[in-house]
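Reviewing the structure listed below.
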Amino acid sequence: MQLLDLYVLVVRLVGVRLAFYGIIYLTAFAGAASVAFLLPWALALVVYGTTAFLLLRHPRAIARWLVREDGEKSLALGLGADDLQSVLFSAIGFYLIILGVPSLVGALVPQPYFGGPLWREIVRPAVQILVGVLVFTRRRWLPGVTQAVEAWRRTRED
């Protein structure tokens, strides 16, 4: 494994995190009472989306830019790139699940000052838990999805 490979993994993880927060940010406008909030909301959403897209679409190019000439340096971690990526993605998924569960439980508990739980306070942690489960279990479902997409792509080309 080279140093460049480790940087690629880090860039991908940051991209996943930014994409997640961009999705969560989508729900922020629903509770805003004024249209004056629309411009900053849209600008932040574009920044989140664009940055996440670039980090996830071109991680190797960004990693090359970050690591410069040290990219060819070999690392002796005792793990392959796939193993390390699996461990890091599992850790991110677990982190998202662990962070989302208390928020969801807190949103479902009736608050004395409010009439009931707000949908936005329930949806955000629920989406966070769902994304965490998908990232955590990606080794189980991702190969099947990849194969299905490739089969669909081949049928479209024929």
Fill in the blank from the handout: Flagged in the stretch 11-22 as surrounded by 16 or more Cβ atoms within 10 Å (Cβ to Cβ) and within 15 Å of Val135 (Cα to Cα), in numbering order, are Arg12, Leu13, Val14, Gly15, Val16, Leu18, Ala19, Phe20
Handout entry: Residue count, the stretch 1-16 (criterion: under 15 Å from Arg64 (Cβ atoms), assigned to a helix (DSSP H, G or I) and not hydrophobic (A, V, I, L, M, F, W, C))
Key = 3
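Since every read-out is calculated from the coordinates, none of them should be taken as a lab result. Remember, predicted model here, so these are calculated numbers, not experimental data. Cβ: placed from backbone, ideal geometry, glycine included. Neighbour counts: every protein chain shown.
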